[in-house]
Amino acid sequence: MAKKHPNPWVEALQTIGLSVVLAFGIRQFIAEARYIPSRSMEPTLKINDRLVIEKLSYRFQDPSRGDIVVFWPPDALFAEGQKRDAYIKRIVGLPGETVEITEGVVLINGEPLEEDYIKTPASYQWGPGQVEDDTYLVLGDNRNQSYDSHEWGFLPEENIIGQAVLRFWPIGRLGGLD
């Protein structure tokens, strides 16, 4: 009996279909690529840097101070129906902490925060304010050029998409984000 050969069109469609399902599943639940459109995270991230955003870890652990997160900005910042894009900032204040920004220094529960990653100290005053449960205070590393929590308030945890973990472009800056 002759061996039946599968139809190449059916095989091609199955392969393409599986590829689409896998790509969508990975992007939706595991990781995705993003680019940096602004100077708000300089010097850590520069315009047009390409990053891998990891989405799994926050399902098992809470975000930590210093994490660089991608998130949907609060709805109140946009008119109904207005297109909004994801933001990227650094977590500075954790739930329950009292945060104040004075004379360019971030104080967490009255203690200065060591920040060797910022471009320049903040030229504004903020707080003191207590970070609400299930929210975070997020700030850009370029403090004076960042539209962040000091302008619009705390970030709800549910708005966090994931953590930026790897820069893959430009090649000369390839590596993890600390």
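The values are calculated or read from the model by the stated rules, or taken from the named source; none is laboratory data. No experiment lies behind these values; they were computed from the predicted model shown. Quick reminder, even Gly has a Cβ in these numbers, built from the backbone with ideal geometry, and neighbours come from all protein chains shown. The accessibility values were calculated without ligands, DNA or RNA, using every heavy atom of the protein model including side chains. Shrake-Rupley method; radii C 1.70, N 1.55, O 1.52, S 1.80 Å.
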So how tilted is helix 8-29 from the main axis of the chain? Cα-based, degrees 0 to 90, rounded to 10.
10 degrees
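With a 1.4 Å probe and all protein chains left in place, how much of the accessible area of the chain comes from carbon and sulfur atoms, in whole percent? Please list the in-between numbers first.
Working: 6000 of 10850 Å².
So the carbon and sulfur contribution to the accessible surface is 55 percent.
How would you order 61-73, 162-174 from highest to lowest mean count of nearby Cβ atoms within 10 Å? Could the numbers behind the result be given before it?
On the way: 61-73: 16.8, 162-174: 14.8.
By packing density, highest mean first, the sequence is 61-73, 162-174.
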Here region 46-178 gives, from Cα atoms, an Rg and Dmax in Å of 14.8, 42
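With a ≥ b ≥ c the root eigenvalues of the C-alpha gyration tensor of region 58-107, is it rounded (a/c under 1.5), prolate (a/b larger than b/c) or oblate?
On the way: a/c = 2.38, a/b = 1.42, b/c = 1.67.
It is oblate, given that a/c is not under 1.5 and a/b is not larger than b/c.
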Separation of the GLU158 and SER64 label points, Cα + 7 Å toward Cβ, nm
2.7 nm
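With r defined as the distance between the Cβ atoms of THR120 and THR15 and R0 fixed at 45 Å, what FRET efficiency is calculated, to the nearest 0.05?
On the way: r = 52 Å, r/R0 = 1.15.
Given R0 = 45 Å and the Cβ-Cβ separation, E is 0.30.
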For the chain, what is the charge dipole size about the Cα centre, in debye to the nearest 20, if Lys and Arg each add +1 at the Cβ and Asp and Glu each add -1 at the Cβ?
1360 debye
Positive dipole terminus of the chain, leading residue within ILE160, GLN125, THR135 (C-beta point charges)
ILE160
Most positive-pole-ward Cα, LEU13, GLY176, ILE91, against dipole of the chain from beta carbon charges
LEU13
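Could you order HIS5, HIS150 by accessible surface area, starting with the largest, using a probe radius of 1.4 Å?
The ranking, largest first, comes out as HIS5, HIS150.
Tell me the per residue accessible area of the chain using a 1.4 Å probe; a whole number in Å² is fine.
On the way: 10850 Å² over 178 residues.
Spelled out: the 1.4 Å probe surface of the chain, per residue, equals 61 Å².
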